[in-house]
1. Using 7 Å Cα-to-Cβ label points, what is the Lys162/Thr17 separation (nm, one decimal)?
2. About the Cα centre of segment 3-302, what is the dipole size in debye to 20, counting +1 per Lys and Arg Cβ and -1 per Asp and Glu Cβ, all else neutral?
3. Loop-only chymotrypsin sites (Phe, Trp or Tyr not before Pro) in segment 195-300, please: DSSP not H, G, I, E or B, and at most 15 other Cβ atoms within 10 Å.
4. For Val87, Val238, which order do you get if you count the other beta carbons within 10 Å of each Cβ and list the fewest first?
5. Hey, how much of the P(r) for the chain falls beyond 37 Å, as a percent of Cα pairs?
6. When a footprinting reagent is the concern and you count Cβ atoms within 10 Å, what order do Leu142, Leu169, Leu131 take, fewest first?
7. For Ile79, put the label point 7 Å out on the Cα→Cβ axis and report which residues of segment 142-176 keep their amide N under 17 Å from it.
8. Put +1 on the Cβ of every Lys and Arg and -1 on every Asp and Glu Cβ in segment 3-302; which of Ala54, His166, Thr193 then has its Cα farthest towards the positive end of the dipole?
Amino acid sequence: MGIEAELESPEHGLKRTLKDLFSGAVGGVAQVLLGQPFDIVKVRLQTTQQYSGALDAATKIYKNEGALAFYKGTLTPLIGIGACVSVQFGGFHYARRAFETKNLEKAGSGDLSYIQYYASGAFAGITNTILSSPIEHIRIRLQTQPHGAGRLYNGPIDCVKKLSAHEGLLKGPYRGTAVTFLREAQAYGVWFTTFEYLMNSDAKRNNIKRDEVSTLKVAFYGGLAGEALWISSYPFDVVKSKMQSDGFGADQKYKSMRDCFAKTWRAEGMGGFWRGIGPTLLRAMPVSAGTFATVELTMRLIN
């Protein structure tokens with residue numbers, strides 16, 4: 001089916017959007033299960049100086065807290081990230097189809113420029129922030145809290161209650177949202193653009209339709225897109241993690257996103273914005289590969 005036929009068919013409406021959302025949700029569950037152990041190591045390295053590196057962090061977490069510690073705070077992202085990835089793919093394809101319609105009217109072709117692919121991804125990221133900011137804040141609090149008797153939160157709901165008690169129902173869970181907007185727009189603009197470029201190039205090079213690209217290649221291109229996502233947005237993520245693991249009241253170090261950037265630069269230099277990048281890139285390849293492969297396979301099955 002060509003772009004013109006697709007845009008004119010009922011698939012372009014609610015049914016098409018529901019398929020995008022469902023496929024994204026399935027991909028989100030795969031993303032969490034694959035990436036959570038890597039993510040807790042990344043967050044610990046970003047928010048504390050007690051580990052010399054990724055291997056040291058992983059070893060000490062396992063030794064001091066046990067194997068299940070690598071899945072601390074998993075319930076929140078398992079539910080939430082499924083919703084987030086659903087919104088990411090739903091938002092991206094919604095914006096993509098809007099650009100296709102505009103291009104058809106103006107130029108007679110629905111093909112997108114890569115600037116438009118980036119804008120579609122950025123739109124998906126900005127839309128996703130409404131969900132991802134509080135979800136990631138809660139996950140980070142659970143991942144960085146003391147182990148054993150010193151633990152601060154008894155689970156996601158207790159965490160929300162205590163964050164809200166400190167700063168209010170919205171401001172507490174949504175701390176760090178400004179930098180999350182910047183991270184999500186840049187990250188998902190690059191993520192989707194990289195993947196679409198690799199998929200389109202493969203289809204053109206081999207003279208095949210896009211949906212004929214093998215699942216193995218889809219996974220590989222998705223993995224490369226994941227690497228590009230983090231390299232392009234990692235400093236924003238570090239600032240977000242610092243702000244969302246910061247104290248309250250007199251114990252609060254960072255008053256704003258700008259303040260956090262400035263203090264990180266003064267205390268740690270450029271390297272401070274890249275702490276934890278190793279395990280993040282190690283995690284990005286299989287997680288992003290699994291996400292795109294799962295989404296593409298789900299879309300092909302339900303279509």
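Read-outs: derived from the displayed coordinates by stated rules, not from any lab. Quick caveat: nothing in here was measured; it's all calculated off a predicted structure. Heads up, the Cβs are rebuilt from the backbone with ideal geometry, glycines too, and the neighbour counts pull from every protein chain shown.
1. 3.9 nm
2. 900 debye
3. On the way: sites: Phe195, Tyr197, Phe220, Tyr221, Trp230, Phe236, Phe248, Tyr254, Phe261, Trp265, Phe273, Trp274, Phe292; in loops: Phe248, Tyr254.
Sites meeting the loop and neighbour criteria: Phe248.
4. Val87, Val238
5. On the way: 8134 of 45753 pairs.
Roughly 18 percent, once rounded to a whole number.
6. Leu169, Leu131, Leu142
7. 142-143, 153-164, 173-174
8. His166
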